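Worksheet for the structure shown next.
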Amino acid sequence: MPPKEETPPQVDDATRDSEAEELPLLDEVVSDGKRRPSLRELWQIPVLLLAVGLLAAGIYTARMSQPGHDFDGALADVEALIEREDFDSALQILNSLILPHLDDPEATVADRRNFHLLRGDALYHGQRAMRLDNPANHQAVLNEYDAAETLMAKLDPVRIGAYADSLVSLGRHESALERIRQIPDSQSDRRRALMRRIIERNLQEAPESRYESTLNLLSELAADEGISGSDRLWIVARQAELRIAMGYYEEAFTHLLRAIQRTGELEGPGGAELFILLARSYFELGRLEQASRHLERADEMLTPSDSRRAESLTLRGRIEQIRGEPQEARDRFTVVVAEFPNAPAALRAWLGLAEVESIIGNVDASQEAYEQVIVRARREPARRDVTLRMITDSLLRQQQERHLRGDHENALAFARLAERLHGADLAPADVLRAIAVTHRSLAEELVDPAQPDPERPPDLSLLDPVTRAEGRAHFAEAGAYFLRHARLVLLHDDDAFADSLWLSGDSYDRAGEMDRAIEIFSEYATGRPDDPRQPSAYFRLAQAHMARGDYPIAAGFFRDLIQSNPTSGEGTRSYVPLAQCYLLEGREGAEEEAERLLLAIVDGSILAPDAIEFRDALFELGRLYLRADRLEDAIRRLTEAMERFPDDPEIVRVEYSLAESLRRSAHRIGLTLREAMPESRRRTLQSEREGRLSKAMDLYERVWSTLDSRDERRLSRLERIQKRNSLFYRADCAYDLEDYESAIKLYDAAAQRYAEDPASLVAMIQIVNAYVAQQAWREALTANERARQRLAELPEEALDSPDTPLDARHMERWLESTAILSRRAAVPR
């Protein structure tokens, strides 16, 4: 029968993350930082091995192809290759030349047994020679030895050690101990070495969960009468290290003090290590003087190149950092990272360096050091969770300190480093929250100039486009991170979930992302019926629908809030926006319904006059009357608003609306004066008209002065229009008062200030009309020519804007003035 196909054991490389920034795994990195070729690359008969093994392959091919294969000779030669540490050639012969014939009748059980033993040896020792630590290789070693034992092989102490060592590498410590205890006393050094390896792995990976088992192993080792003095120091050190890892600091230093006294005079690295651990115990308890004293004794026992100095220097640096000596601490940490970059303490030294650079004020250097911390932490398998938590806490302290100082940019940079430490999708809740809070603070800092009234939402139109976009982007990021935080804490912290969900909706709202805001506030309102903020959630939901133009939906929510609580809370807050929704819908009867709602607040039966809702209702009612051309009602309500709230941040808009009401009502009175009436009434109306025009003129002047004193970039579009129109309407008031000299000056100032604006045509037209009214014919002709030229320059659509202060009266007067000028030109002089 043909030989049975058997797949040789493969040595798999660890799969790499495809992202370029991912670090290579440890089993493919050696101390010089260069990547080692994988065992698979070396042991699956690659071309590079042919030059080395060609002669041997030819000899063994000939030997194994002849009748009566020489298994004994071939296996003996493989054993010799392993002894010479030529593991590549040994595996090539085993896999390529012997394995295909292993099921031949000539192959005995002993041949197959020895084959598996030797292949296990080659795999185990080959990986060790290459300083690799690949789980697939460790499992392959176990498989080979298991196969040999199935064929009745009895492992010798060396192979038992190899088997146990592979189990330890795979984390199967209990099974490893069963094998280790099979090693005879004659090989006790091997047994102790393997037990030490288990202890060291326990301390590195999970001292908390393996505390009892590790302590028992140390006791078992201590009971071994054959251990040396240095071994006893090692045991004492590991016992102390274990207690420190568990937080049993007093037990640790008590145990160490007794052990040191029993040992007597301590010299060399082993003694120095005990004093370093003693210092660590005191340090963790805050007893810095004792810690410093023991570190000095440790340093006296160490040579300058001893790697244990890294631990001592790092601890000294931490002590100096606590004492407020950051420069000295930085010097200590710098020595560690420069001279002992691969020491276990190097990671903590980099972390200390990052912290003290921040304390000193070198924020860029601090963040660069944290970058090194992250790189090393992601390479460091020992106690990964504890290490990541330690670094995260450090970064979040930096974030919090910068945040409290108002340095939000750097606060965000530190929080982002914490996120990068874990990976974007694995960041813990406190990191997500820190990023969210910092984005929100950055956004609020940017939009602060757009919120002159803290009781009203910011008006982002006051910001320049770049700042506005940046602020919205930060609010959007805050919304996303608050939402992630809410989802992460949902099952174990309901208060935190509710708070972050609310802030997510609020942040999306302020970012202008109404769809997301509606989604979040809808979830909050419907999913938390017993939450005291549920009415507020419905109110915000209504506002978001209103901002999106969904006026009927928004109105429905506002009506429900008023019905559920008409005299307080979100109910009273809903009157004004509901009235605004009715007006914006524009359906029949909307003005009457809006007026009814606003009067319900303004009549004082629901709220006191000092309530913000009363103020908003009064302002809105005055503007409603102005839009409805109910000018007398508008004047009454807007005058009341000015008297009640003279210092309100929005008072300039009220002044403008009142000025408009007065100017337009004066024009209406002027039309009435054309009718026949008793002289006494005519005088009364004439006086009323002049008084209103004068008051309007003063108000336009106040509006202009107030808005002109502000940064033009911070004005909203509406404020810029009101500022411009105030200048023109002020001149119109002077014209209507027949104060033509003043009118011409005001129009001329307006035309020069807005020379590039189509509104300048209004000023030019009115200057013509004013000169004609004064019968200043030469000046009128010159002004008329300039006005005609300006008209010719302007496109038709520029004059159609409803915001331009040009109305039919201006054009009619100009037409009349032009006709007068034409008639005068036709008369011979």
GLU83 to ASP515: FRET efficiency via 1/(1 + (r/R0)^6), r the Cβ-Cβ distance, R0 56 Å, to the nearest 0.05? 0.15
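Evaluate the relative contact order of segment 110-197 (contact order divided by residue number), counting alpha-carbon pairs under 8 angstrom at least 6 apart; express in whole percent.
Working: 89 pairs, mean separation 23.4, N = 88.
This gives 27 percent for segment 110-197.
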Taking a probe of 1.4 angstrom, what is the accessible area of VAL654 in Å², to the nearest 10? 0 Å²
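Can you sort LYS723, LYS154 by 1.4 Å-probe accessible area, starting with the largest? Can you show the working numbers first?
On the way: LYS723 5, LYS154 185 Å².
Highest to lowest solvent-accessible surface, that is LYS154, LYS723.
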If you take the charge dipole of the chain about its Cα centre, with +1 on Lys and Arg Cβ and -1 on Asp and Glu Cβ, which of HIS125, ALA369, TYR508 is farthest toward its positive end? TYR508
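Determine the sum of side-chain charges near VAL772: Lys and Arg each +1, Asp and Glu each -1, restricted to other residues whose C-beta is under 12 angstrom from that of VAL772.
Numbers: positive: ARG778, ARG813, ARG823, ARG824; negative: GLU779, GLU816.
Value of the local net charge: +2.
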Along principal axes, largest first, the alpha-carbon spread of segment 256-366 in whole Å comes out as 50, 28, 18
For ARG293, tell me the accessible area in Å² from a 1.4 Å probe, rounded to the nearest 10. 120 Å²
How compact is segment 673-809 by the rule of thumb for globular proteins, expressed as Cα Rg over 2.2 N^0.38 Å? 1.15
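Write down Rg/Rh for the chain, rounded to two decimals, with Rg from the C-alpha atoms and Rh from the Kirkwood relation over Cα pairs. The partial results should precede the final answer.
On the way: Rg = 44.0 Å, Rh = 35.8 Å.
Answer for the chain: 1.23.
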Along each principal axis, Cα extent of segment 198-339, largest first, Å: 47, 32, 27
C-alpha long axis of helix 188-205 to longest principal axis of the chain, angle in °: 10 degrees
Proximal charge balance of ARG548 [Cβ under 15 Å; K/R count +1, D/E count -1]: -3
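Looking only at Cα atoms, what is the convex hull volume of segment 632-693 per residue, in Å³? If you can, show how the numbers build up before the last one.
Numbers: hull volume 4.5 nm³, N = 62.
Looking at segment 632-693, the number lands at 73 Å³ per residue.
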Extent along principal axes [Cα atoms of segment 72-209; Å; largest to smallest]: 54, 28, 24
Expressed as an acute angle from 0 to 90° and rounded to the nearest 10, what is the orientation of the C-alpha long axis of helix 590-602 relative to the principal long axis of the chain? 80 degrees
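Please tell me the relative contact order of segment 502-622 in percent, rounded to the nearest whole number, where contacts are Cα pairs under 8 Å and at least six residues apart. Present the calculation step by step, with values, prior to reporting the outcome.
Values: 151 pairs, mean separation 18.5, N = 121.
Computed value for segment 502-622: 15 percent relative contact order.
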Please compute the length gained on full extension between ARG587 and THR263, using 0.36 nm multiplied by the number of residues separating them and subtracting their Cα-Cα distance. 107.0 nm
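To the nearest 20 Debye, how big is the dipole of the chain about its Cα centre, given +1 on the beta carbon of each Lys and Arg and -1 on that of each Asp and Glu? All intermediate terms of the calculation are to be shown ahead of the outcome.
Numbers: 108 positive and 148 negative charges, 396 e Å.
Charge dipole of the chain: 1900 debye, to the nearest 20.
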I'd like the FRET efficiency for GLN775 and ARG644, computed as 1/(1 + (r/R0)^6) with the beta carbon distance as r and R0 of 60 Å, rounded to 0.05. 0.80
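Using only C-alpha atoms and all pairs of different ones, pull out the Kirkwood radius for segment 392-524 in Å with one decimal. List each step's numbers first, then the result.
On the way: mean 1/r = 0.0665 Å⁻¹.
It is 15.0 Å.
Taking Rh as the Kirkwood radius, which is the inverse of the mean 1/r over Cα pairs, what is the Rg/Rh value for segment 346-415? Each step should come with its number before you reach the end.
On the way: Rg = 11.7 Å, Rh = 12.0 Å.
That ratio is 0.98, to two decimals.
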Would you tell me the accessible area of TYR538, worked out with a 1.4 angstrom probe on the heavy atoms of the protein chains, in Å² to the nearest 10? 60 Å²
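Sort largest first and round to whole Å: the equivalent ellipsoid semi-axes of segment 485-613, each the square root of five times a Cα gyration tensor eigenvalue.
Details: eigenvalues 171, 58, 23 Å².
So the equivalent ellipsoid measures 29, 17, 11 Å along its semi-axes.
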Return the FRET efficiency for the residue pair MET811, THR526: r is the Cβ-Cβ distance, R0 is 60 Å, and the value is rounded to the nearest 0.05. 0.60
Return the tail of the calculated pair distribution for segment 626-731, meaning the percent of Cα-Cα pairs more than 18 Å apart. 52 percent
What do you get for the angle between helix 384-405 and the principal long axis of the chain? Use alpha-carbon atoms, 0 to 90 degrees, nearest ten. 30 degrees
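Taking the Cβ of ARG664 as the center, what net charge do the other residues with Cβ under 10 Å away carry, scoring Lys and Arg +1 and Asp and Glu -1? Don't jump to the answer; show the numbers that get you there.
Values: positive: ARG663, ARG668, ARG692; negative: ASP629, GLU660.
Neighbour charge sum, excluding ARG664 itself: +1.
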Can you give the calculated 222 nm mean residue ellipticity of the chain, where each DSSP H run of n ≥ 4 adds -39,500 (n - 2.57) and the sum is split over every residue, rounded to the nearest 500 deg cm²/dmol? -23500 deg cm²/dmol
In percent, how large is the relative contact order of segment 395-552, given Cα pairs closer than 8 Å and 6 or more residues apart? 15 percent
At the level of C-alpha centres, the distance separating segment 312-368 and segment 716-748, in angstrom, is 68 Å
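The values are calculated or read from the model by the stated rules, or taken from the named source; none is laboratory data. As the structure is a computational prediction, the values presented were derived from the model and not from experiment. We place every Cβ from the backbone using ideal geometry, glycine too, and count neighbours over all the protein chains shown. Ligands, DNA and RNA are excluded from the accessible area calculation, which covers all protein heavy atoms including side chains. Shrake-Rupley method; radii C 1.70, N 1.55, O 1.52, S 1.80 Å.
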